[in-house]
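The values are calculated or read from the model by the stated rules, or taken from the named source; none is laboratory data. In this text the structure is predicted, and so the values were computed from the model without any measurement. Backbone-built Cβ (ideal geometry, glycine too); neighbour counts: all protein chains shown.
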Amino acid sequence: MSADQPHDADLGAPLTVTREEQEGHVLFALAGDIDVETSRLLRSELLAGLPTGDEQVVIDLSAVDFMDSSGLGALVGAWKVVREHGTFRVAGANPVVHRVLTITGMENVFEIHPDVETALRS
């Protein structure tokens, strides 16, 4: 590896996915960067933790700094499972992540909320 090539330490923040149940919702709190390196983990964690009943799902993006199209694909995959029996809400996206959701038209697919509290109340 040459000195000008990135290595793991130069990549974005690692992704963490936390699942909890809150006020009748399944809340996934994501933190870090969602990109080609981390989207497989995200997809796996979401699909393993999705409810099988009529529960509501909230994806908390407030601690996500960056998301590319592979991350968006992971969210769409989870949405496709949830839409059959519940609702899928995205909350807390920063301006960079919100722009990805907007320019891809996902604001017309996902319920997007400014924060988790608003998503839980809707």
field: Residue identified as out of contact with any Phe, Trp or Tyr (no Cβ under 6 Å at 6 or more places or on another chain) and closer than 15 Å to residue 17 by Cβ among 102, 52, 38, 118
entry: 38
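For (1) over 10 Å from the mean Cα position of the chain (by Cα); (2) at positive phi; (3) of a type in the set (A, V, I, L, M), each residue gets a yes or a no:
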{"site": "35", "(1), (2), (3)": "yes, no, no"}
{"site": "48", "(1), (2), (3)": "yes, no, yes"}
{"site": "58", "(1), (2), (3)": "no, no, yes"}
{"site": "70", "(1), (2), (3)": "yes, no, no"}
{"site": "80", "(1), (2), (3)": "yes, no, no"}
{"site": "95", "(1), (2), (3)": "yes, no, no"}
{"site": "101", "(1), (2), (3)": "yes, no, yes"}
query: residue 60 fails exactly one of the following numbered conditions: (1) in contact (Cβ under 8 Å) with a residue 40 or more places away in the chain; (2) surrounded by fewer than 20 Cβ atoms within 10 Å (Cβ to Cβ); (3) of a type in the set (Asp, Glu). What is the number of that condition?
result: (2)
task: Could you list, in sequence order, all residues of region 91-101 that are surrounded by 13 or more Cβ atoms within 10 Å (Cβ to Cβ) and either under 15 Å from residue 79 (Cβ atoms) or out of contact with any strand residue (DSSP E or B) (no Cβ under 9 Å at 6 or more places or on another chain) (or both)?
output: 91, 93, 100, 101
query: Just to be sure, is residue 102 among the hydroxyl-bearing types (Ser, Thr, Tyr), modelled with pLDDT of 95 or more and within 25 Å of residue 122 (Cα to Cα)?
result: yes
message: Quick check on region 23-40. Is at least one of its residues more than 23 Å from residue 100 (Cα to Cα) and modelled with pLDDT of 90 or more?
response: yes
- prompt: Which ones in region 24-36 are crowded, with 16+ Cβ neighbours inside 10 Å and either of a type in the set (D, E, K, R) or more than 20 Å from residue 117 (Cα to Cα) (or both)?
  reply: 32, 33, 34, 35
